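Asker: I am attaching a structure below and will ask some questions about it afterwards.
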Amino acid sequence: MTISVGDKIPSIDLAIMTDDGPGPISTDEIFSGKTVAVFGLPGAFTRTCSARHLPGFVDNADALKVKGVDTIVCVAVNDAFVMGAWGKAQDVGDKVMMVADGSAKFTQAAGLEADMSAKGFGVRCQRFSMVVEDSTVKSLNIDEPGSFEVSSAEVMLGGL
């Protein structure tokens, strides 16, 4: 069942790249006591994700923070090495936290998985965005498979 507005974010351990290599981070650490703009996408270094989705949140980071967002999080079913490398390649700096959901535990617990096995990708994350306040989902936008319409930073800004 897909997570909905009003639901709590599942408590899951994820990973981020640190100066010392991959390190753990929990959803509780990410979302507790903060307003978080989180977006998920099918994969690092993929066409739409690299050309439009992630850059939109990087470009609009200051505007989102002015509207009350404390942290911007990108999550994908990739490992911490890939997410770290993609963040560097996209020059995200400290604007977006690049979070690895390598085993799709968060993605599946939130009901946001997409089976892309037919394309050779396995289980991935649907393209989505949500605003989370103190671990509770306040808004959720999920794109139809193959589209990029409602999960952009610009749409999120319009709803804040």
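Quick note: the coordinates plus some simple rules give every number you see, no bench work behind them. Computed from a predicted structure; not experimentally measured. Note: ideal-geometry Cβ built from the backbone for every residue, glycine included; neighbour counts use all protein chains shown.
Asker: Rounded, prolate or oblate: which fits region 13-159 when a ≥ b ≥ c are the square roots of the eigenvalues of the alpha-carbon gyration tensor, with rounded for a/c under 1.5 and prolate only if a/b beats b/c?
Answerer: Since a/c stays below 1.5, the shape of region 13-159 is classed as rounded.
Asker: Another question, if that's okay. I'd like the Karplus ³J(HN,Hα) series for region 79-87: coefficients 6.51, -1.76, 1.60, θ = phi - 60°, whole numbers in Hz, and an x wherever there's a Gly or Pro.
Answerer: 7, 5, 4, 5, 5, x, 5, 5, x
Asker: Return the calculated 222 nm mean residue ellipticity for the chain, to the nearest 500 deg cm²/dmol, obtained by summing -39500 (n - 2.57) across DSSP H runs with n ≥ 4 and dividing by the residue count.
Answerer: Taking each H run of at least 4 residues, the total per residue is -6000 deg cm²/dmol.
Asker: Could you point to the residue in Gly93, Pro22, Gly146 farthest towards the positive end of the chain's charge dipole, with +1 and -1 charges on the Cβ of Lys/Arg and Asp/Glu respectively?
Answerer: The listed residue farthest towards the positive side: Gly146.
Asker: So who's got an amide H within less than 5 Å of the one on Ala76, skipping anything under 5 residues away but keeping other chains? H placed 1.01 Å off N, in plane.
Answerer: Counting only residues 5 or more places away or on other chains, the set is Val99, Asp101.
Asker: Here is a further query. If amide hydrogens are placed 1.01 Å from N in the peptide plane, which non-local residues have theirs closer than 5 Å to the one on Gln126?
Answerer: Glu113, Ala114
Asker: Short version: ³J(HN,Hα) in whole Hz for each residue of region 111-126, in order, from phi by Karplus 6.51 cos²θ - 1.76 cosθ + 1.60 (θ = phi - 60°), x for Gly and Pro, what are they?
Answerer: Computed from phi, the couplings for region 111-126 are x, 10, 7, 9, 7, 10, 4, 4, 9, x, 9, x, 7, 10, 8, 5 Hz.
Asker: Still on this structure, please answer the following. Given an 8 Å cut-off on Cα distances and at least 6 residues of separation, report the relative contact order of region 13-159 as a percent.
Answerer: Contact order relative to length: 29 percent.
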